[in-house]
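Participant: Have a look at this one before I ask anything.
The values are calculated or read from the model by the stated rules, or taken from the named source; none is laboratory data. What you see is a predicted model, and the numbers here were worked out from it, not measured in a lab. Note that each Cβ is placed from the backbone with ideal geometry, even for glycine, and that neighbours are counted across all protein chains shown. Areas reflect the complete protein model, heavy atoms only, side chains present, ligands, DNA and RNA absent. Shrake-Rupley method; radii C 1.70, N 1.55, O 1.52, S 1.80 Å.
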Amino acid sequence: MPSEKRQKISEYLDTALLFTWGIFFLLFPLFFLTITTDAVVIPKAILLGATILISLLIWGIRMLIDGQVKLTKTPFDLPVLLFGIAMLLSSVFSVDKANSFISVVPILYVVMSYFVITNLPKRPNTLSFLITSLLSGGALSSLIAVANHYKLYLLPFQATHVVTFTTFGNYLDQALYAASLLIIAGVLSIPLFKKQKTTQGAIFAGLGGVILLGLLASTYLLFTSQKPNLLPFEVGFQTAFAAISQDTGRVAQGFFFGSGYGNYGDVFSRFKPASFNTNPSWYLPFNTSSSLVLELLATTGIIGLLSYIFLIIKVIIYKGSKIHNSAYFAFLLLVAVSFVLPFSFIALSLAFFVLAIFSLIQSQKDHNNFFDVEFQFVALRKGIFSFVSANEERRRKNNLTPLFALLVFLGIIATLGFYSTTYVYSDILFQKSLIAANNNSGTLTYNLELQAINTFSNRSAYYRIFSQTNIQLASSLLQLTSNGSSPSAQAQSTGYALIQQAISAGKQATILSPNSVIEWQNLSSIYQALIGVGQNADSFALSTTQQALQLDPTNPQEYLTLGGLYYRLGQYDNAIAQFQSAANLKQDYPNAYYNLAHAYEQKNDLQNALASLQIVKQLVATDKQNSEKIDKEISDLQAKIGSQTPTSPQVNVNPSQTQQQLSLPKPQNALPQQKEEVPLTTPTASPTPSNQ
C-alpha cells in the first residue's frame with residue numbers, strides 16, 4: 001500500500017478514535033437504561049466496555065497500517081498497571097470468585113481507559129475537544145438534576161419524571177462528579193478573569209456555571225431530603241482490619257489479597273462489631289465500606305491498598321514542568337475524598353479519566369517524563385547474530401510487531417467481549433423476568449430466569465431468585481383446589497420436580513457465594529417451606545440457618561430467625577436460648593423479647609413470659625397499635641397466672657427509636673403438607689410448569 005494512502009487511513013483512524021472518546025465523555029454521566037437490572041451503573045459499565053473494545057480494535061488496525069507499535073510512556077503507567085493487577089488477584093484468590101470477577105471486569109476497563117486515553121492522537125485540539133466533551137456531559141447531567149428537582153422534566157422517558165431522578169442514581173455521585181469537573185472548568189476559565197477573553201474560556205466558564213448549579217442542588221439535597229446512609233467510619237475501620245487478619249483458613253490470602261473486590265457485603269456481615277447494633281441502621285446490609293481506602297483494604301488486601309497508595313504518591317511527588325493543570329487538582333480532590341467517603345464505579349472511573357487527562361496535558365509540556373516509545377519484536381531464527389540488511393530487518397520488525405500487537409488486542413476483545421456480552425444479555429433477560437413476575441406471569445418468569453442462567457451461569461443472584469420462583473410455582477400447583485379435591489398426578493409430579501429444582505438452584509447460589517449470608521438465608525427459607533413436605537427438611541433448615549448465623553454472628557435478626565425455627569419445631573429450650581442471644585445483642589429489640597415471652601409461655605414458664613412482655617411494653621411505648629396489643633397479652637397472661645406481677649424489669653432504651661411490627665415465627669412460602677414426605681433429591685431435567 002502506498003505510504004500516502006497509509007497515512008490518510010491512519011489519520012482517519014486517529015479521528016475515529018478521538019471522536020469515540022469525545023462521544024464517550026459526553027454520554028458517560030448521562031447514560032442510563034431501564035432494560036437492565038441496574039439502571040445506572042451497569043449501563044455506564046457497558047458504555048465504557050464498548051468504548052474500550054472499539055478503541056483497541058481501531059488502535060490495533062492503526063498500528064498495523066503504520067507498521068509500528070508506538071506507545072506513550074508516562075510516570076503513572078506502572079502504578080496504574082499494578083492497581084489493575086491487584087484488583088484481578090483479589091478476585092483470583094477470593095472464596096467468592098464468580099461474583100468478585102463480575103465486579104472486577106468493569107474496573108479492568110477503567111484501568112485500560114487510562115492507557116487508551118494517554119495514547120490518543122497528539123493533535124492541537126485533542127485536549128480542548130476531550131475536556132469540552134467531559135464538561136458538557138457534566139453540565140447536561142447537572143441541568144437534568146436541577147430541572148427535575150423543580151419538576152421540569154427534560155427527558156421524554158416516564159421513568160425519569162421523578163423529582164429525585166439523577167442520571168447518576170444518587171446525589172453523592174452527582175455532587176462528586178460535579179465538584180471535580182467544576183475545578184477543571186474553573187481553572188480553565190481563569191484567563192477570563194485576567195481579561196484575556198477567548199471563545200474557549202467563555203465556553204468553559206459557561207459549562208462551569210451550569211455544573212456549579214448542579215453541585216449546589218446536589219449538595220443541598222445530600223444534607224436535607226436525600227442524605228446518604230453511610231457506614232460509620234469506625235465500623236469500616238474495624239471490618240477492614242478484621243478481614244485481613246481474622247479470616248479463618250485463609251489468613252495469608254486475606255492479608256495480601258483481601259476478600260475479593262466487590263465482596264464487601266460479606267466482609268461487613270462477618271466482621272461487624274456487636275456495638276453496631278446501637279446504630280439506627282443496624283438492620284441494613286452495607287455493600288460498601290466507609291471509604292474507598294478502607295474498602296480496598298478489606299477486599300483487595302495489603303497489595304491492593306499499597307498499589308493505590310503507590311499511585312497517589314507517584315502523582316503527588318511528580319516533578320515535571322510547572323503544574324498549572326486543572327485535571328491535577330481535580331484528581332487530588334478525588335483522592336482526598338476517597339479517604340473519607342465510599343466510591344462507586346462512577347467515581348472511581350472519573351478518577352482515572354481525570355488522571356489520564358492530566359497526563360495528556362503534561363505530555364505537551366514535560367517531554368522528559370512523557371514520551372513515545374516504540375516496541376519491536378525480533379524473531380532470531382538465524383541465531384543471536386543475524387546478517388541482514390537494515391531495510392530487510394526494519395521491514396521484518398514492522399511486519400511482525402504490529403501484527404503481534406493486533407493479535408493481542410483481538411484476544412482481549414474476544415475474551416472480555418464474550419464475557420461482557422453474555423453477562424449483559426443475561427442481565428437484560430433477568431430484568432424481563434422481574435417485569436414478568438411483577439405482572440404475575442409465572443411461566444414467563446420461570447422461562448426467562450432459566451434462559452438468563454443458561455446464558456450466564458456464574459451469578460448467584462440468578463439462582464437465588466430462580467429458587468424462589470420454583471417454590472412459588474410448586475406451592476401453586478400443590479395447593480388444594482376450591483372444591484376440596486387434590487391436585488392431579490401430573491401437577492404433583494411437576495410440583496415435586498419444581499421443589500427439587502428450587503433446592504438445586506438454592507444450593508448452587510451458596511456454591512457460587514459461600515460467604516454470602518443472603519444465599520444461605522434463601523436456602524434455609526426453601527427448606528423451611530418444605531417442612532412437612534420433604535424428608536429431613538427440618539434438619540436441612542436448621543443446618544442452613546446455623547450457617548447463615550455463622551456468617552453474620554453479631555446480627556440479632558439471625559438469632560431471631562434460628563430461634564423462630566426452633567420454636568416452630570417445638571424445641572422451646574433452644575428457641576429461648578436464641579431469642580435471649582438476640583436480646584443480649586440488641587437490648588432494645590422488642591421482637592426478641594416478644595418471641596422470648598411466647599417461648600417461655602409454651603414451656604409454661606409464665607412468670608418469665610410476663611417479665612419479657614413487660615420489657616416489650618416499655619420498648620413499644622410510643623407505638624399505639626403495638627402497645628394496645630401488648631397490654632391485652634399482658635392482661636391475658638396475668639389472668640392466666642392468677643396474680644399480679646412484681647415490678648417489671650427496666651430497660652435503658654429510647655422507645656421512639658423502635659417501630660416494628662411484633663410477630664411470632666411462622667413459615668414463609670410454606671407448601672401444603674403431604675401425607676408422605678418427598679425425598680429431597682436433585683432433578684435430572686428441568687420441569688415445565690403450567691401457565692400461572
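Participant: Looking at the stretch 580-606, which of its residues are free of Cβ contacts under 8 Å to residues at least 24 places away in the same chain and touching a Pro at 6+ places or on another chain (Cβ under 7 Å)?
Facilitator: none
Participant: Please determine whether any residue of the stretch 186-201 is at pLDDT 90 or above and either out of contact with any helix residue (DSSP H, G or I) (no Cβ under 8 Å at 6 or more places or on another chain) or open to solvent by less than 10 Å² (accessible area, probe 1.4 Å) (or both).
Facilitator: no
Participant: Same structure again: Give just the number: which of (1) modelled with pLDDT under 95; (2) in a loop (DSSP other than H, G, I, E, B); (3) aliphatic (A, V, I, L, M) does Leu30 not satisfy?
Facilitator: The one condition Leu30 does not meet is (1).
Participant: Give me the helices (runs of 4 or more DSSP H) completely within the stretch 223-317, filtered to those with at least 2 residues that are closer than 24 Å to Ala347 by Cβ and not charged (D, E, K, R), ordered by residue number.
Facilitator: Result: 233-243, 264-271, 292-316.
Participant: Then there is this: Go through Ala577, Ala474 for me and flag whichever is in contact (Cβ under 8 Å) with a residue 24 or more places away in the chain and either in a helix (DSSP H, G or I) or closer than 30 Å to Ala599 by Cα (or both).
Facilitator: Ala474
So that you can scan it fast, the table gives a plain yes or no per residue for (1) part of a helix (DSSP H, G or I); (2) out of contact with any helix residue (DSSP H, G or I) (no Cβ under 8 Å at 6 or more places or on another chain); (3) within 28 Å of Phe276 (Cβ to Cβ):
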position	(1), (2), (3)
Gln587	no, yes, yes
Ala609	yes, no, no
Gln618	yes, no, yes
Ala621	no, no, yes
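Participant: Could you tell me which of the residues Gln602, Gln618, Gln578 is at pLDDT 60 or above and open to solvent by 50 Å² or more (accessible area, probe 1.4 Å)? Walk me through it before giving the result.
Facilitator: Numbers: Gln618 fails: open to solvent by 50 Å² or more (accessible area, probe 1.4 Å); Gln578 fails: open to solvent by 50 Å² or more (accessible area, probe 1.4 Å).
Step by step, each of Gln602, Gln618, Gln578 is checked, and only Gln602 is at pLDDT 60 or above and open to solvent by 50 Å² or more (accessible area, probe 1.4 Å).
Participant: Which members of the stretch 485-503 meet the condition of being surrounded by 18 or more Cβ atoms within 10 Å (Cβ to Cβ) and either farther than 30 Å from Asn99 by Cβ or small (Gly, Ala, Ser) (or both)?
Facilitator: Correct list: Ala491, Thr494, Gly495, Tyr496, Ala497, Ala502.
Participant: Please give the number of the condition Tyr566 fails out of (1) buried (at least 21 other Cβ atoms within 10 Å of the Cβ); (2) part of a loop (DSSP other than H, G, I, E, B).
Facilitator: (2)
Participant: A further question follows. Suppose we filter the stretch 555-611 for residues that are β-branched (Val, Ile, Thr) and over 22 Å from Ala529 (Cβ atoms); how many remain?
Facilitator: As a first pass, look at the stretch 555-611 and keep what is β-branched (Val, Ile, Thr): 561, 576.
Subset that is over 22 Å from Ala529 (Cβ atoms): 576.
Final tally of qualifying residues: 1.
Participant: Same structure again: Name the single residue that is farthest from Pro553 (Cα to Cα) among those in the stretch 631-645 being β-branched (Val, Ile, Thr) and at pLDDT below 90.
Facilitator: Ile641
Participant: Considering only residues that are over 30 Å from Gly301 (Cβ atoms) and touching a residue at least 12 places away in the same chain (Cβ under 8 Å), which ones fall in the stretch 180-201? First the steps, then the outcome.
Facilitator: Of all residues in the stretch 180-201, those over 30 Å from Gly301 (Cβ atoms) come to 181-201.
Residues satisfying the conditions are Leu181, Leu182, Ile183, Ile184, Ala185, Gly186, Val187, Leu188, Ser189, Leu192, Gln200, Gly201.
Participant: Continuing with the same structure: Inside the stretch 511-526, can you point out the residues that are open to solvent by 10 Å² or more (accessible area, probe 1.4 Å), in a helix (DSSP H, G or I) and hydroxyl-bearing (Ser, Thr, Tyr)?
Facilitator: Ser525 - this is the single residue of the stretch 511-526 that is open to solvent by 10 Å² or more (accessible area, probe 1.4 Å), in a helix (DSSP H, G or I) and hydroxyl-bearing (Ser, Thr, Tyr).
Participant: Might you let me know whether the stretch 27-43 holds any residue that is open to solvent by less than 40 Å² (accessible area, probe 1.4 Å) and under 30 Å from Phe404 (Cα atoms)?
Facilitator: no
Participant: Among the listed residues Leu108, Leu78, Leu89, which satisfies the condition of being within 22 Å of Ile46 (Cβ to Cβ) and modelled with pLDDT of 95 or more?
Facilitator: Numbers: Leu78 fails: within 22 Å of Ile46 (Cβ to Cβ); Leu89 fails: within 22 Å of Ile46 (Cβ to Cβ).
From the options Leu108, Leu78, Leu89, the qualifying one is Leu108.
Participant: Looking at (1) at pLDDT below 55; (2) open to solvent by less than 50 Å² (accessible area, probe 1.4 Å); (3) under 26 Å from Glu558 (Cα atoms), which is the one condition that is false for Gln659?
Facilitator: Among (1) at pLDDT below 55; (2) open to solvent by less than 50 Å² (accessible area, probe 1.4 Å); (3) under 26 Å from Glu558 (Cα atoms), Gln659 violates only (2).
Participant: Sticking with this structure for a sec: Which residues, taken from the stretch 325-369, are part of a loop (DSSP other than H, G, I, E, B), over 21 Å from Leu292 (Cβ atoms) and in contact (Cβ under 8 Å) with a residue 24 or more places away in the chain?
Facilitator: Filtering the stretch 325-369 for residues part of a loop (DSSP other than H, G, I, E, B) gives 325, 339-344, 364-369.
Still in the list and also over 21 Å from Leu292 (Cβ atoms): 325, 364-369.
Scanning the stretch 325-369 gives Asn325, Gln364, Lys365, Asp366, Asn368, Asn369.
Yes or no, residue by residue, for (1) modelled with pLDDT of 95 or more; (2) open to solvent by less than 50 Å² (accessible area, probe 1.4 Å); (3) out of contact with any His (no Cβ under 6 Å at 6 or more places or on another chain):
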residue	(1), (2), (3)
Ile435	yes, no, yes
Thr445	yes, yes, yes
Leu448	yes, yes, yes
Phe456	yes, yes, yes
Ser467	yes, yes, yes
Gln472	no, no, yes
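Participant: Filter the stretch 162-189 for residues that are aromatic (Phe, Trp, Tyr), over 22 Å from Leu348 (Cβ atoms) and not in a loop (DSSP other than H, G, I, E, B) and give the result.
Facilitator: Kept after step one, since they are aromatic (Phe, Trp, Tyr), are these residues of the stretch 162-189: 165, 168, 171, 177.
Okay, now just the ones that are also over 22 Å from Leu348 (Cβ atoms), so 165.
Within the stretch 162-189, no residue meets the criteria.
Participant: Test of understanding: among Thr415, Thr421, which residue is within 30 Å of Gln468 (Cα to Cα), in a helix (DSSP H, G or I) and open to solvent by 60 Å² or more (accessible area, probe 1.4 Å)?
Facilitator: Thr421
Participant: Please go through the stretch 584-595 and pick out each residue that is buried (at least 23 other Cβ atoms within 10 Å of the Cβ) and in contact with a Leu (Cβ under 9 Å, 6 or more places away or on another chain).
Facilitator: Of everything in the stretch 584-595, those that are buried (at least 23 other Cβ atoms within 10 Å of the Cβ) and in contact with a Leu (Cβ under 9 Å, 6 or more places away or on another chain) turn out to be Tyr589, Pro590, Asn591, Ala592, Tyr593, Tyr594, Asn595.
Participant: Confirm whether Gly506 is more than 18 Å from Glu558 (Cα to Cα) and modelled with pLDDT under 90.
Facilitator: no
Participant: Given the structure, is Ile531 in contact with a helix residue (DSSP H, G or I) (Cβ under 7 Å, 6 or more places away or on another chain), outside any loop (DSSP other than H, G, I, E, B) and among the aliphatic types (A, V, I, L, M)?
Facilitator: Values: in contact with a helix residue (DSSP H, G or I) (Cβ under 7 Å, 6 or more places away or on another chain): yes; outside any loop (DSSP other than H, G, I, E, B): no; among the aliphatic types (A, V, I, L, M): yes.
No: the conditions fail for Ile531.
Participant: Just give me the residues in the stretch 339-372 being within 23 Å of Val40 (Cβ to Cβ), in contact with a Lys or Arg (Cβ under 9 Å, 6 or more places away or on another chain) and open to solvent by less than 20 Å² (accessible area, probe 1.4 Å), in sequence order.
Facilitator: Ile346, Ser349
Residue-by-condition table, conditions (1) in contact with a helix residue (DSSP H, G or I) (Cβ under 8 Å, 6 or more places away or on another chain); (2) charged (D, E, K, R):
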site	(1), (2)
Ile52	yes, no
Lys73	no, yes
Asp77	yes, yes
Phe101	yes, no
Val110	yes, no
